[in-house]
Amino acid sequence: MKRIVIVLVALLVFGAAKFPLEKSIHDAHRAAYFHGATLNLTLREQIGQGAFLAALSGFRGVIADILSLQANEAWENTQWSRVLFLYNQITTLQPRLTLSWEMGAWYMAFDAAQAALDDPKQPRQALREKARREFIQQGRELLEQGIRNNPDRYVLYNRLGFVLMHKTNDHLGASQAYAKAAEFPDCMGYEKRFAAYELSLVPGKEAEAYALLLQLYRKEERAPAPKLLSRIKAMEEKLNIPPEQRVCKPPGRPQ
């Protein structure tokens with residue numbers, strides 16, 4: 001009986017000492033944006049006990065590199081479900097490596113989606129299109145999850161805007177993604193333009209888009225880009241801007 005009491009007391013002491021350490025690790029992960037990217041039993045079942053123990057021992061990068069090679073092989077063999085499965089594990093192991101989120105999203109939203117559309121084994125166009133949309137959605141979800149883990153970096157907002165612009169009709173979502181990317185000082189120079197272009201395609205947002213397009217036009221130090229002028233012209237026509245107030249004046253009127 002005395003031995004059992006000693007064991008119980010030891011367990012309580014160990015648990016009391018362990019709790020602050022576990023909490024500090026959890027808080028550090030949250031501070032580093034490791035949202036939902038934890039080493040848990042599900043991951044152990046998916047990557048195997050040996051790889052899981054290696055990851056626990058500080059070899060996350062090594063295991064992620066091995067899985068990346070496997071993902072590349074799956075991509076070459078057009079095994080799209082396996083590609084997604086592996087990138088889910090890779091990004092769990094290294095959630096702050098934005099390249100992994102980018103690669104996984106590109107494979108699904110572009111390569112897998114196109115392969116589904118061209119699938120010779122599926123004679124029904126409707127089912128090919130359905131599979132295409134599902135792959136695009138999977139790519140989108142990868143980027144959105146990547147953003148949750150990396151809200152302090154512009155690149156995944158940029159990639160999300162690109163996917164939404166080229167692969168969906170979600171022009172508002174694309175505009176918002178590019179606008180968010182534009183808030184970062186190290187972003188690409190075209191983020192604000194693309195945000196305005198996409199917003200100009202959203203019904204009911206013409207006035208807001210026109211204001212943004214005019215801001216860009218007035219800041220241009222060189223000749224305005226043809227696309228910028230074409231979007232301004234389209235908004236001026238939709239909003240019935242008086243001819244004398246237009247940037248793109250109707251033919252026959254003085255410029």
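Observations
- Sorting the segments 100-107, 113-120 by their residues' average number of neighbouring beta-carbon atoms within 10 angstrom, most packed first, yields 100-107, 113-120.
- Note on the stretch 154-255: with charges restricted to the Cβ of Lys and Arg (+1) and Asp and Glu (-1), its dipole about the Cα centre is near 260 debye.
- Each of Thr168 and Leu99 was given a label point 7 Å from its Cα along the Cα-to-Cβ line. The distance between the two points is 2.7 nm.
- Calculated P(r) tail over 20 Å for the stretch 154-255, as whole % of Cα pairs: 39
- Each peptide in 231-241, 130-140, 87-97, 212-222 was scored by the mean count of other Cβ atoms within 10 Å over its residues; highest first, the order is 87-97, 130-140, 231-241, 212-222.
- Annotation for Arg218 and Lys238: the two label points, set 7 Å from Cα along the Cα-Cβ direction, are 2.1 nm apart.
- Paramagnetic label zone (point 7 Å from Cα along Cα-to-C-beta, Glu73; backbone N under 19 Å) in the stretch 101-118: 104
- Out-of-range pairs (alpha-carbon distance over 27 Å; input Lys180/Lys219; Lys121/Lys167; Lys180/Lys249; Lys167/Lys249; Lys180/Lys227; Lys167/Lys219): Lys180/Lys249; Lys167/Lys249; Lys167/Lys219
Read-outs throughout are calculated quantities, based only on the coordinates presented, and are distinct from any laboratory measurement. Here the structure is a predicted model, which means the values were calculated and not measured. Note that each Cβ is placed from the backbone with ideal geometry, even for glycine, and that neighbours are counted across all protein chains shown.
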